[in-house]
Amino acid sequence: MKKHSARVAPLSSYSTQVLTCPVSEGEEGSDSHAETPASEASGERSQCQSCAGAALKVLGGLLVVLFVSSSWVGTTQVVQLTFQSFSCPFFITWFSTNWNILFFPLYYSGHLVTTREKQTPIQKIRECSRIFGEDGLTLKLLLKRTAPFSILWTLTNYLYLLALRKLTATDVSALYCCHKAFVFLLSWIVLKDRFMGVRIVAAIMAITGIVMMAYADGFHGDSIIGVALAVGSASTSALYKVLFKMFLGSANLGEAAHFFSTLGFFNLIFISCVPLILYFTKVEHWGSLSTLPWGYLCGVAGLWLAFNILVNVGLVLTYPILISIGTLLSVPGNAAVDVLKHEVIFSVVRLAATCIICLGFLLLLLPEEWDSVTLRFLATFADKKGEDHGEELTDSSAHTRSRSRANGAVSIPLA
């Protein structure tokens with residue numbers, strides 16, 4: 001009996017296997033052999049299902065990447081078209097931010113369509129308001145948590161629109177990609193995130209691209225002002241994201257929708273006085289409401305809202321790195337539109353600066369364990385290559401011995 005006893009490993013280490021004890025030859029042995037093909041078949045089915053799920057997730061992610069990039073390119077280009085007849089960037093920012101109110105109603109509509117267990121709007125709002133704390137959203141929290149993010153949100157978009165009045169859409173979208181490097185630097189300093197040499201290199205590349213972009217026109221004129229505005233937009237965006245992570249942490253789709261709608265309400269209630277002040281002080285003056293380009297304004301607001309929804313939905317449905325790539329692809333997308341439609345000619349310095357910034361952005365997408373993963377992959381590849389080389393040597397030596405025996409050769413050992 002001792003001969004046939006076996007040690008059973010914990011279930012967690014064999015969760016995909018059938019646990020059987022070694023048995024002697026006979027009926028029990030035949031039963032165990034009968035179970036092996038079934039277990040192998042179930043394992044193959046589960047593996048095929050996981051592969052199919054991963055493939056669908058990647059395919060969905062590629063579609064989301066396309067939509068994210070297209071919506072951001074469309075937003076930037078429609079803004080520049082709007083400036084031809086209505087050059088009031090703060091009013092455009094305020095009007096577009098108000099559309100964030102629609103985020104939660106759209107999310108709740110999707111909840112009613114896709115979920116069997118329905119919740120009333122009040123129940124869903126209470127559930128999603130936990131992002132502000134266990135007590136939900138109160139007036140004190142509204143002013144304490146929402147006000148700073150609303151101000152940063154408005155500044156980010158306002159500075160971005162101001163930069164579009166000075167630079168091409170390609171330059172502004174490329175400079176805005178520097179926000180990824182600023183997020184890393186702020187997270188490293190404020191949140192004490194892990195230090196990574198490759199991300200420091202990426203941040204240096206982003207700064208180098210900014211300097212080259214400013215140098216393209218000789219550090220004077222509208223170019224340097226536009227670069228400063230675009231970098232300011234990227235900086236406030238990075239501060240927004242770091243503060244969100246510090247005070248609110250991570251959020252699911254429902255909480256994100258609730259937060260965006262809250263930003264929209266705060267903007268409508270408390271920020272509406274700013275466009276009026278700019279109007280009466282003649283800083284941003286427009287005629288009657290009937291003369292405003294409502295088509296362009298609604299187009300900008302709709303595309304901006306679609307971009308924010310796609311980013312948050314994409315983070316749930318697919319891999320976050322694909323969403324970042326979608327934002328990066330807006331640079332070549334805007335470049336294609338600028339060249340084909342606006343006939344913009346890019347200088348060598350601007351192209352080099354754009355490429356450096358985009359390369360730094362890609363380096364920032366590397367995971368934290370990228371170095372150890374790369375070393376393990378190289379070690380595995382080297383071991384596999386060594387095993388293949390050893391098998392080739394064994395096969396060749398066996399073939400040589402068989403040929404020597406066939407020719408009547410005799411191997412005589414040396415004394």
Response to the item:
By residue number, the members of the range 187-217 that are in contact with an Asp or Glu (Cβ under 9 Å, 6 or more places away or on another chain), in a helix (DSSP H, G or I) and hydrophobic (A, V, I, L, M, F, W, C) are VAL198, MET213
Discussion item. List pairs: first residue in the range 68-96 and open to solvent by 10 Å² or more (accessible area, probe 1.4 Å), second residue basic (Lys, Arg) anywhere in the structure, Cβ distance under 9 angstrom, at least six positions apart or on different chains.
Written reply: GLN77/LYS341; GLN80/ARG165; PHE83/ARG165; SER87/ARG165
Worksheet item: In the set ASP193, ASP171, which member is more than 19 Å from ASN308 (Cβ to Cβ), open to solvent by 10 Å² or more (accessible area, probe 1.4 Å) and of a type in the set (Asp, Glu)?
Response: ASP193
Worksheet, complete the sentence: Among (1) over 30 Å from LEU289 (Cα atoms); (2) not in a helix (DSSP H, G or I), LYS57 falls short only on (2)
Item to complete: Considering only residues that are surrounded by 12 or more Cβ atoms within 10 Å (Cβ to Cβ) and not hydrophobic (A, V, I, L, M, F, W, C), look in the range 134-145 and name the one that is nearest to THR236 (Cα to Cα).
Response: ARG145
Worksheet item: When you go through VAL344, VAL337, VAL373 one by one, which is the residue that is assigned to a helix (DSSP H, G or I), open to solvent by 20 Å² or more (accessible area, probe 1.4 Å), over 23 Å from ASP193 (Cα atoms) and out of contact with any Gly (no Cβ under 6 Å at 6 or more places or on another chain)?
Response: VAL337
Discussion item. Quick check on LEU106: is it touching a residue at least 24 places away in the same chain (Cβ under 8 Å), open to solvent by 70 Å² or more (accessible area, probe 1.4 Å) and of a type outside the set (D, E, K, R)?
Written reply: yes
Item to complete: From (1) open to solvent by less than 20 Å² (accessible area, probe 1.4 Å); (2) in contact with a Leu (Cβ under 6 Å, 6 or more places away or on another chain); (3) among the aliphatic types (A, V, I, L, M); (4) farther than 30 Å from ILE345 by Cβ, pick out the condition that doesn't hold for ALA257.
Response: (2)
Discussion item. Regarding the range 212-228, can at least one residue be identified that is open to solvent by less than 40 Å² (accessible area, probe 1.4 Å), touching a residue at least 60 places away in the same chain (Cβ under 8 Å) and within 29 Å of LEU268 (Cα to Cα)?
Written reply: yes
Discussion item. The conditions are (1) open to solvent by 10 Å² or more (accessible area, probe 1.4 Å); (2) in a helix (DSSP H, G or I), and ALA234 fails exactly one of them. Which is it?
Written reply: (1)
Discussion item. If I filter the range 146-168 down to residues being open to solvent by 50 Å² or more (accessible area, probe 1.4 Å) and in a helix (DSSP H, G or I), which single residue comes out as nearest to SER347 (Cα to Cα)?
Written reply: TYR158
Discussion item. For a quick check of your reading of the model, give me the residue pairs whose first member lies in the range 120-134 and is closer than 16 Å to PRO105 by Cβ, whose second is in a helix (DSSP H, G or I) and of a type in the set (Asp, Glu), with beta-carbon atoms closer than 7 Å and at least 6 apart or on different chains.
Written reply: CYS128/GLU255
Worksheet item: So ASN267 clears everything in (1) open to solvent by 90 Å² or more (accessible area, probe 1.4 Å); (2) modelled with pLDDT of 95 or more; (3) not β-branched (Val, Ile, Thr) except one condition, right? Which one?
Response: (1)
Worksheet item: Pairs, please: C-beta under 8 Å, at least 6 apart or cross-chain, first residue under 18 Å from ALA216 (Cα atoms) and in the range 334-351, second aromatic (Phe, Trp, Tyr) and in a helix (DSSP H, G or I)?
Response: VAL349/TYR215
Worksheet item: With (1) at pLDDT 90 or above; (2) open to solvent by 10 Å² or more (accessible area, probe 1.4 Å); (3) more than 16 Å from TYR160 (Cα to Cα) as the list, and THR114 as the residue in question, which single condition is left unmet?
Response: (1)
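The values are calculated or read from the model by the stated rules, or taken from the named source; none is laboratory data. Note that the coordinates shown come from a computational prediction; the quantities given were computed from them, not determined experimentally. Positions of Cβ are generated from backbone atoms using ideal geometry, with glycine treated the same way; all protein chains shown enter the neighbour counts. Surface accessibility is based on the protein's heavy atoms, side chains included, excluding ligands, DNA and RNA. Shrake-Rupley method; radii C 1.70, N 1.55, O 1.52, S 1.80 Å.
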